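Encoded as structure tokens, here's the structure I'll be asking about.
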Amino acid sequence: CTVELNAVKGAPSDVMSGTIERVSADGQPQGEPVCLVEGSWLGYLDFGGVRYWDYASKTRVEPVLVSDPLPSDSRFRGDRNALAAGRTDEAQVKKTEIEERQRYER
């Protein structure tokens, strides 16, 4: 997906536009556009001409849980799950571990 902020001359700085492009099974870009993405960071978001979010109308699209979530899905975070279970000390330890791992990976 390629999105540019402030790409429209004379438009507010939060305006964005771009395209979602097809990729191969190994993640290599194919250069074939799938749909146009456009909107305003503070106003609306359209995918392929369909408005999915609009602050003015406060239209809300409910998230759809998938049966095969990515490993990065927040439902797998140990700190989040420990906190939800009321184990605050364990949640803090796990959160610190995540933060330290992120610092190391940079």
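For region 21-49, how many residues are in a strand (DSSP E or B), polar (S, T, N, Q) and open to solvent by 70 Å² or more (accessible area, probe 1.4 Å)?
Qualifying residue count, region 21-49: 1.
What residue, among those in region 72-106 that are under 25 Å from Y52 (Cα atoms) and not polar (S, T, N, Q), is least open to solvent (accessible area, probe 1.4 Å)? Lay out the reasoning, then the answer.
If we filter region 72-106 for residues that are under 25 Å from Y52 (Cα atoms), which is where we start, we get 72-75.
Pick out the ones that are also not polar (S, T, N, Q) and you get 73, 75.
Values: D73: 38, R75: 80 Å².
By that ranking, first place goes to D73.
Within region 54-63, work out how many residues are at pLDDT 85 or above and loosely packed, with under 11 Cβ neighbours inside 10 Å.
Count: 0.
Looking only at region 56-106, count how many residues are more than 30 Å from D46 (Cβ to Cβ) and in contact with a strand residue (DSSP E or B) (Cβ under 9 Å, 6 or more places away or on another chain).
Of the residues in that region, 0 qualify.
The values are calculated or read from the model by the stated rules, or taken from the named source; none is laboratory data. In this text the structure is predicted, and so the values were computed from the model without any measurement. So basically every Cβ, Gly included, is an ideal-geometry build from the backbone, and we count neighbours across all protein chains shown. Accessible surface is based on the protein model in full, side chains and every heavy atom, while ligands, DNA and RNA are left aside. Shrake-Rupley method; radii C 1.70, N 1.55, O 1.52, S 1.80 Å.
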